[in-house]
Structure formats: C-alpha cells, structure tokens
1. Need the list of lysines near LYS38 for cross-linking: C-alpha distance under 16 angstrom, and skip anything on the same chain fewer than eight residues off.
2. Can you list the lysines whose alpha carbon is less than 25 Å from that of LYS65, not counting same-chain residues fewer than 8 positions off?
3. Among (1) 89, 6, 4; (2) 29, 15, 12; (3) 41, 16, 9, which one is semi-axes √(5λ) of the Cα gyration tensor in Å computed from these coordinates?
4. Tell me what the chain gives for mean residue ellipticity at 222 nm when only DSSP H runs of n ≥ 4 count, each as -39,500 (n - 2.57), the sum divided by the residue total, rounded to 500 deg cm²/dmol.
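Each value in this text was obtained by applying a stated rule to the coordinates, not by laboratory testing. Because the structure is predicted, anything quoted here is derived from the model rather than measured.
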Amino acid sequence: MLAVAEMNAMLHAAEAKLIQKRDELKQVTDSVDALRAKCDEAVNEKQRLDDQSQQTKNRLIRAEKLTTLLAQEQIRWAADYEKLAKDLELIVGM
C-alpha cells in the first residue's frame, strides 16, 4: 500500500508541475500572440506610410509639370498680349 501511496503522491506532484508548466506556456503563447499583433500593426502602418509617401511624390511630380506648363502659358499669353496690343494700335490708328 505504501508504494501506491507514494506513486499517487508522485502523480499529484507531476500533475501539479504539469499544470504550472501549462500556465507558463499559456503566458508565453499569449505574449507571442501580442507581439505578433503588434508586429502586424507596425507592418500595416509602414505600408500605409509608404503608400502615402508614394502618393505625395506623385503629387509633387504632377505639381512640377503643372508649374512648368503654366510658366510656358504665361510666356505665350504675354506674347499674345503684345500681339493684340499692336493689332489694337493698328486698328485704332486707322
């Protein structure tokens, strides 16, 4: 009987140790899950910022093109104005 009692005591000790190790494993697993979620969030934020950066670069390129085209239009408009002013002098002068 003593051997059975010792074996039961060893079994209970082993089960208690198993429960403790399962609790520790759960804590580690929860911690890993939290870190994965945080990592995923950081990756998503990085992707959002990369997309925003690319969109801003594209807008700057389009703004530079627009500025250049408007500067060219200003030159054309100035030339047209001078031509119209001369034409007006000729019309009024007649």
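1. Partners within reach: LYS46.
2. Counting by Cα, and skipping residues close in sequence, LYS65 has these lysines nearby: LYS57.
3. Correct label, based on the coordinates given: (1).
4. Estimated from H runs of four or more residues: -37500 deg cm²/dmol.
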